[in-house]
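Quick notes on the structure that follows.
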Amino acid sequence: MAEELAVSTTSEAAVDGDLHCEQVLAAGRAPWPVVDPVLLRDDPEYDFARVLWSRLDELPQDSDIPDAFNLFVRVAGVPHERARSWLVVRSMS
C-alpha cells in the first residue's frame with residue numbers, strides 16, 4: 001500500500017503536512033486561514049490521519065470514527081480509497 005502511494009502521487013499541489021483544527025482560524029480578511037503550515041508537495045489526502053487524530057476526543061464512541069472519516073472525505077471531495085490508504089499508512093508509521 002505504501003509503495004503504491006509513493007509511486008502514484010496524484011497531485012503536485014502544496015498540502016499542509018501538519019493540519020489540525022488548532023491551526024485553522026476564523027478571520028475577516030480570509031475565510032479560514034491556516035497558520036504554521038508545513039508545506040509538502042503531495043496528495044491532498046496525505047494528512048487526513050492527523051485531521052482525524054486531532055478530533056478523536058470529540059467523538060463519543062470509537063464507532064463514530066468511520067462516520068467522521070467519511071464526512072471529512074466527502075467535504076474535502078477526495079477519493080475515499082486513497083484517503084483510507086493514506087490513513088492506514090500514516091497510522092502505521
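Just so you know, all these numbers are worked out from the coordinates, no wet-lab data involved. Remember, predicted model here, so these are calculated numbers, not experimental data. Backbone-built Cβ (ideal geometry, glycine too); neighbour counts: all protein chains shown.
Here are a few things to note about the model shown:
- Projecting the Cα positions of Leu25, Val7, Phe69 onto the charge dipole of the chain (unit charges on Cβ atoms of Lys, Arg, Asp and Glu, taken about the Cα centre) puts Leu25 furthest along the positive direction.
- The order of Leu39, Leu19, Leu59, going from fewest to most other C-beta atoms within 10 Å of their C-beta, is Leu39, Leu59, Leu19.
- Region 9-93, relative contact order in percent, only Cα pairs under 8 angstrom and at least six apart counted: 30
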